[in-house]
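K.L.:
Before I ask anything, here is the structure I am working with.
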2 protein chains.
Amino acid sequence: MRETVTAKDVAKLAGVSQSSVSRVYFEGASVSEKTKKRVKEAAEELGYRPNVYARSLITNQSKIIGLVMKGVQNPFYAQALKRFSSLFKKHGYSVLFVYTNNDEIQQEDVETLLNYNVAGVVVTDATMLFSVGEEFKKNNIPLVFFNRKLSTENFYSVCCNNIDASRSIAKYLLSKGASELVLITGKVDTSTSIEREKGFCEVLDHQKVPYRIYNSDYTYEGGYHTAMTVLKEKRLPSAIFVANDIMAFGVIDALRKNGVRIPEDTKIVGFDNIDMASWPAYELTTWEQPIEEMINETVDYLMNEIASYTGLVRDIEVDGKFIERKTT
Amino acid sequence: MRETVTAKDVAKLAGVSQSSVSRVYFEGASVSEKTKKRVKEAAEELGYRPNVYARSLITNQSKIIGLVMKGVQNPFYAQALKRFSSLFKKHGYSVLFVYTNNDEIQQEDVETLLNYNVAGVVVTDATMLFSVGEEFKKNNIPLVFFNRKLSTENFYSVCCNNIDASRSIAKYLLSKGASELVLITGKVDTSTSIEREKGFCEVLDHQKVPYRIYNSDYTYEGGYHTAMTVLKEKRLPSAIFVANDIMAFGVIDALRKNGVRIPEDTKIVGFDNIDMASWPAYELTTWEQPIEEMINETVDYLMNEIASYTGLVRDIEVDGKFIERKTT
């Protein structure tokens with residue numbers, strides 16, 4: 001076991017009471033400048049480090065945000081992780097990174113978050129049982145779904161306006177003369193995939209333009225294999241809307257490998273506008289998710305709820321924009 | 001402030017002392033089965049959650065590993081983050097993710113790690129002042145440099161055998177008939193880039209084969225721009241060794257955009273073997289870093305040192321293997 005300098009040691013050296021030492025380090029406590037100076041000097045001499053755990057026990061608050069993520073290998077989420085971490089640091093919060101390898105948050109992860117008494121939680125590409133969410137609510141721990149919505153609509157969520165965006169994509173492809181289309185979905189049970197399908201198909205149904213839907217999984221490999229399936233049917237569509245960028249790269253690679261020219265033989269549109277979408281290997285036309293704005297909305301909500309918990313529930317949607325490149 | 005059920009409440013309901021409640025929840029403490037049962041029942045009824053902060057204060061240990069990372073947008077590190085998180089979870093540890101946007105770990109990050117009394121630290125693509133490392137040592141907190149070495153050799157590190165690997169790459173390219181070569185380095189002050197340069201140049205010097213070195217930065221954009229510089233000199237080498245994969249993609253894209261055929265006009269070798277290296281868009285010949293083995297070595301060391309601190313210092317090197325694809 002490690003030997004640690006305690007508040008008691010500092011109090012002794014400074015010639016003050018132990019509670020005076022505590023008051024120096026815990027926010028909001030009143031303490032005289034003279035005592036503060038004596039305590040700080042003694043603390044420095046002894047190498048005393050105020051214990052965040054002790055502070056947490058007293059204030060019943062931690063300076064930790066739980067960040068739940070599955071698809072860290074999708075550049076969209078890697079970028080989100082980077083920005084969330086930077087921004088939370090600015091606000092004085094650390095990130096407890098919870099990797100979940102199931103689509104649904106596992107009970108042990110929930111236990112971890114509750115045990116560390118996290119100040120707030122961000123859930124990215126994962127789902128959650130209703131009862132689990134209730135546990136956080138019971139403990140007044142604010143929680144945001146980032147780039148996901150739960151169908152129960154009982155939580156705060158921050159997403160791109162996926163329906164409007166995919167309507168725009170459909171209209172754009174029709175304006176480019178597309179007459180038979182394919183939609184390659186993401187994971188079928190995710191809100192993003194459901195909404196992107198809804199907006200896209202709504203416009204095509206309205207215009208009575210034929211289309212086919214292929215379900216995939218938001219991964220490069222999924223996109224690649226789904227494109228191979230499309231190719232096997234020997235009916236190349238005039239355009240394909242792929243529900244995210246990383247999957248669109250798989251589609252493009254599979255088509256090119258089979259001699260399909262893009263955009264001459266078929267047009268491709270992705271979704272996200274991750275950095276790679278602008279690489280010369282792809283130059284993908286896509287919809288830019290306003291990731292910075294989405295993250296700001298998420299962090300602002302959490303900071304407000306941490307300061308004063310209201311349990312506010314709302315679905316925030318931000319617009320993003322269309323980025324035209326060379327695949328259309 | 002949140003209302004929390006305390007050990008005192010549980011003790012009262014169970015009709016036992018508060019220290020009995022503590023003994024039920026703190027590892028290694030002796031307590032009768034009867035007491036255990038009464039406490040667990042009372043805890044469930046009240047919704048009591050043993051506080052990890054209280055436990056940490058008593059045992060002076062936490063179940064948190066600090067993971068310091070800069071390049072989370074490089075798929076190599078995203079993959080490492082995923083595997084580290086999974087493996088630490090299996091061992092009962094959570095990950096405090098510390099994103100550093102400087103090459104050197106910032107003092108505030110060090111404070112965070114020390115304040116949370118982390119059980120151990122993994123530093124990936126970042127450097128650290130000698131004095132900072134000493135702070136962890138003073139607190140008996142084991143620390144591993146993952147995919148990095150410090151020149152002071154005063155810390156445990158786990159790397160690929162970069163020198164041997166880059167020697168093999170040089171020999172391979174010579175065996176393929178390369179007669180004038182280019183090396184595109186990573187960040188010049190990183191141990192990985194220094195060692196990859198050392199092994200590569202050693203073989204070429206020995207064989208008296210001419211080569212040029214261009215310094216870059218381990219990013220796609222860096223690779224792209226460096227390749228443009230190489231092209232401007234109008235002396236296309238017969239082969240280019242690029243110090244990591246993501247930078248190699250930038251090199252390939254820049255060359256292709258300028259009509260250079262790969263591997264006909266020049267051969268390209270990368271380093272890492274990230275998933276993307278096998279994508280049809282690149283099919284990159286590269287050196288596979290044995291990431292799983294490297295992570296296992298790192299986690300094993302940390303778990304041993306957490307169980308019983310020895311302060312062991314060693315540079316662990318694992319081999320990896322050559323992966324031949326279509327860019328050579």
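No lab work stands behind these numbers, since they all come straight from the coordinates. This is a predicted model, so every value here is computed, not measured. Glycine gets a Cβ as well: all are built from the backbone with ideal geometry, and neighbour counts include every protein chain shown.
K.L.:
Could you pull out the longest piece of chain A with no exposed loop chymotrypsin sites (Phe, Trp or Tyr not before Pro) in it, calling a site exposed if DSSP puts it outside H, G, I, E, B and it has at most 16 other Cβ atoms within 10 Å?
P.N.:
Numbers: sites that count: A:26, A:309.
With chymotrypsin sites (Phe, Trp or Tyr not before Pro) excluded where exposed in loops, chain A gives A:27-308 as its longest stretch.
K.L.:
Need the list of lysines near residue B:34 for cross-linking: C-alpha distance under 27 angstrom, and skip anything on the same chain fewer than eight residues off.
P.N.:
Counting by Cα, and skipping residues close in sequence, residue B:34 has these lysines nearby: B:8, B:12.
K.L.:
Once you sort the root eigenvalues of the Cα gyration tensor of the protein assembly as shown as a ≥ b ≥ c, which label holds: rounded (a/c under 1.5), prolate (a/b larger than b/c) or oblate (the other case)?
P.N.:
Details: a/c = 2.36, a/b = 1.35, b/c = 1.75.
The shape class here is oblate.
K.L.:
Ordered by residue, what ³J(HN,Hα) values in Hz, to whole numbers, does the range A:323-328 give under the Karplus form 6.51 cos²θ - 1.76 cosθ + 1.60, where θ = phi - 60° and Gly and Pro are x?
P.N.:
Once θ is set to phi - 60°, the couplings for the range A:323-328 become 10, 8, 10, 9, 8, 10 Hz.
K.L.:
Right, next: Once you've got the GNM for chain A with C-alpha springs shorter than 10 Å, pick whichever of A:232, A:36, A:257 has the biggest mean-square fluctuation.
P.N.:
Residue with maximal mean-square fluctuation among A:232, A:36, A:257: A:36.
K.L.:
Calculate how steeply helix B:220-232 sits against the longest principal axis of the alpha-carbon atoms of chain B, using the helix alpha-carbon long axis, and give the answer as 0 to 90 degrees to the nearest 10.
P.N.:
On a 0 to 90 degree scale, this one is about 10.
K.L.:
Still on this structure, I have one more. Can you give me the long-range amide H partners of residue B:91? Hydrogens built in the peptide plane at 1.01 Å from N, cutoff under 5 Å, separation of 5 or more residues or another chain.
P.N.:
When sequence neighbours closer than 5 places are left aside, there are no close amide H contacts.
K.L.:
On a straight-distance basis, which lysines could pair with residue A:89 in a cross-link, Cα separation under 23 angstrom, same-chain partners fewer than 8 positions away excluded?
P.N.:
Cross-link targets: A:63, A:70, B:63, B:70, B:82.
K.L.:
Could you tell me the distance between the Cα centroids of the range B:70-141 and the range B:269-300, to the nearest Å?
P.N.:
Their Cα centres are 22 Å away from one another.
K.L.:
Distance from the Cα centre of the range A:229-257 to that of the range B:219-267, in angstrom?
P.N.:
28
K.L.:
Also, I was wondering about something else. Treating the point 7 Å from Cα along Cα-beta-carbon as the label, what are the nm separations from residue B:263 to the other copies, to one decimal?
P.N.:
3.6
K.L.:
Okay, next question. For chain B, modelled as a Gaussian network with Cα springs under 10 Å, which listed residue fluctuates most, B:206, B:91, B:225?
P.N.:
B:206
K.L.:
How big is the antiparallel share of DSSP beta bridges in chain B, given as a percent to the nearest 5?
P.N.:
Antiparallel bridges: around 10 percent, rounded to the nearest 5.
K.L.:
Would you mind computing, in nm to one decimal, how far apart the modelled labels at residue B:261 and residue B:152 are, each placed 7 Å from Cα along Cα→Cβ?
P.N.:
5.4
K.L.:
For the range A:162-288, what is the convex hull volume of its Cα atoms per residue in Å³? Show your work: numbers first, answer last.
P.N.:
Details: hull volume 11.5 nm³, N = 127.
Measuring per residue, one finds 91 Å³ for the Cα hull of the range A:162-288.
K.L.:
Rounded to whole Hz and in sequence order, give me ³J(HN,Hα) for the range A:197-207 from the Karplus expression 6.51 cos²θ - 1.76 cosθ + 1.60, θ = phi - 60°, writing x for Gly and Pro.
P.N.:
5, 4, x, 5, 5, 4, 5, 5, 4, 4, 8
K.L.:
Here's a follow-up. Counting only DSSP beta bridges with both residues in the protein assembly as shown, what percent are antiparallel, rounded to the nearest 5?
P.N.:
Working: 9 of 77 bridges.
The answer is about 10 percent antiparallel.
K.L.:
Another question, then. Say we join alpha carbon atoms closer than 10 Å with springs in a Gaussian network model of chain B; which of B:262, B:274, B:64 then has the biggest fluctuation?
P.N.:
B:262
K.L.:
Something else: Which shape class applies to chain A: rounded if a/c is under 1.5, otherwise prolate when a/b exceeds b/c and oblate if not, where a ≥ b ≥ c are the square roots of the Cα gyration tensor eigenvalues?
P.N.:
Details: a/c = 3.13, a/b = 2.72, b/c = 1.15.
Prolate is the answer for chain A, as a/c is 1.5 or above and a/b outweighs b/c.
K.L.:
If I take R0 = 56 Å and measure r between the Cβ atoms of residue B:322 and residue B:41 in this structure, what FRET efficiency does the formula 1/(1 + (r/R0)^6) give, to the nearest 0.05? Spell out each step's value before the answer.
P.N.:
Details: r = 61 Å, r/R0 = 1.09.
For R0 = 56 Å, the calculated efficiency reads 0.40.
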